[in-house]
1. What percent does the relative contact order of the range 327-421 come to when contacts are Cα pairs within less than 8 Å and at least six residues apart?
2. Kindly state, to the nearest 0.05, the FRET efficiency for M352 paired with K206, given R0 = 41 Å and r defined as their beta-carbon distance.
3. Given R₀ = 35 Å, what would the calculated FRET efficiency be for E400 paired with E142, taking r from the Cβ atoms and rounding to 0.05?
4. Past 19 Å, Cα to Cα: identify those pairs from K224/K312; K379/K411; K337/K379; K242/K418; K238/K320, in the order given.
5. If you take the square roots of the eigenvalues of the alpha-carbon gyration tensor of the range 195-271 and sort them as a ≥ b ≥ c, do you get rounded (a/c under 1.5), prolate (a/b over b/c) or oblate?
6. Given R₀ = 22 Å, what would the calculated FRET efficiency be for K362 paired with L341, taking r from the Cβ atoms and rounding to 0.05?
7. So if each residue of separation counts as 0.36 nm, and I subtract the Cα-Cα distance between M393 and K320, what length gain in nm does that give?
8. Multiplying the sequence separation of F191 and D160 by 0.36 nm and subtracting their Cα-Cα distance, what value in nm do you get?
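Every number here is computed from the coordinates shown, using simple stated rules; none is lab data. Note that the structure is predicted; figures quoted are calculated from it, not measured. Reconstructed Cβ throughout: ideal geometry from the backbone, glycine too, with neighbour counts over all protein chains shown.
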Amino acid sequence: MYEKEEEMLDESRKQLEQTEIPDQQIMNAIQQGLLQAKNKKRKRKNTLWTLSVAAILMLSLVTSIRVSPAFASAIASIPGMERFVDLFLIDKGLEAIIENEYYEPIGVSQVKDDMTFTIDGVILDETGMEVFYTIEAPSSIENIMYDNVDVLNDGRSLSDNAAISYGFHGQEKTNRIEEQLSFNFAEAHQFASKQFELKFQLKNEKKTTFNIPFTIKNDIKKGKVYSVNQEVEMDGQKMLVKKITVYPLRVAINLEFDEQNNMEILQFEDMRIEDENGEVWSSIQNGTTGFGGVENKERTYFLQSNYFNQPKKLFFKFDKVQALPKEESYLLIDLEKKEVLNKPADGQLEVMNISNNSVEVKIPQIKENHMYELFADAKNAKGERIDMPSQSMHGDGDGEYNYTTINLDSKNIVNPIKLYFSAYPNYLDGSVSVQIK
């Protein structure tokens, strides 16, 4: 960065930290820096100057949030800013994305049924898209939910082979919500153009539908591929680390599990990438996410990314791996007779209730402040898959036990049924470290 810009950033940071409650005009300027200028009549020269100032303010904002908890708290109280404060504090990769101007302000709005939906900004790479948005209405929309969410590229859907998630507000009454839509592609995607369209329907009485076209101007960064192809072993269980690909939004870890293993690998609680100084460069956020369940020989796991950081060395490491003997990796139940025919032998899991199409179990808390979906799949006595419309979890209030209730589609139940575990508090011994750079 240029010396003059550094001086401006340092001076802005000092002034902001000395202010107990930031001046509203400064906050408005920062907010404008996150959104594309909505007044299209402005001259190009003025627009470029506005965005340059906004970028400097944004970089100063990131720095101040990092070094001053009081400042972070003050920023979080400003409408529209709390989501960025939370992300900056837990995700160094997002901070680098902002600093390297890879977050792209969009500022495109559409009004339907007196509701205004605005795409504030987008982060896009080959593995997915993060859409930051604002929705406003004249009446309260705190319980707003979405249906048929899709994003199109040159008219072609990208959601057919993607996991889609969005934040759920559901708190006090409000007529303005700032949230985030996440699209995680199962495989790296090459885009036909930079023309996109966000489509979705609201779960309201009018079933309000939005179709919002937008254009990406940034060049879409390619993944950095590290071909590893190294076999590792942990507690007698063999795994092949095939390749690791670093994208701006996430790191994709490709693993292959030896079919001769006598344990079913479930969850990696502590999978990470460290640099030459032992600093965690990339790690799991809110539990391991990825594609490929326990029945898959090959699986892809996603970690937080730090794409724009360039360490000299990188090491892929993991420990705290959940696993069960293959013959105990499922719960076998006769729903009609309400009998448990097979479960893990360690006695940690207790079946609390069985009905004709549901099962409730009790298990010690696996990980503090995180609840895993306990079951990955269900099959009937014929080996046919049974749909699981819902799987709900709750704690006991003391942080000691978690309860999971799984509901099954009754039309395909042939007893006994198998419920395959995706998480369980039983661990392999040891740890693994592989140098990838």
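1. RCO, the range 327-421: 33 percent.
2. 0.50
3. 0.65
4. On the way: K224/K312 14 Å; K379/K411 12 Å; K337/K379 17 Å; K242/K418 31 Å; K238/K320 15 Å.
Violating the 19 Å limit, Cα to Cα: K242/K418.
5. Oblate shape, in that a/c is at least 1.5 and b/c is the bigger or equal ratio.
6. Efficiency at R0 = 22 Å is approximately 0.75.
7. Fully extending the segment from M393 to K320 adds 24.1 nm.
8. Working: separation 31, 0.36 × 31 = 11.16 nm, distance 1.45 nm.
Gain in length upon complete extension: 9.7 nm.
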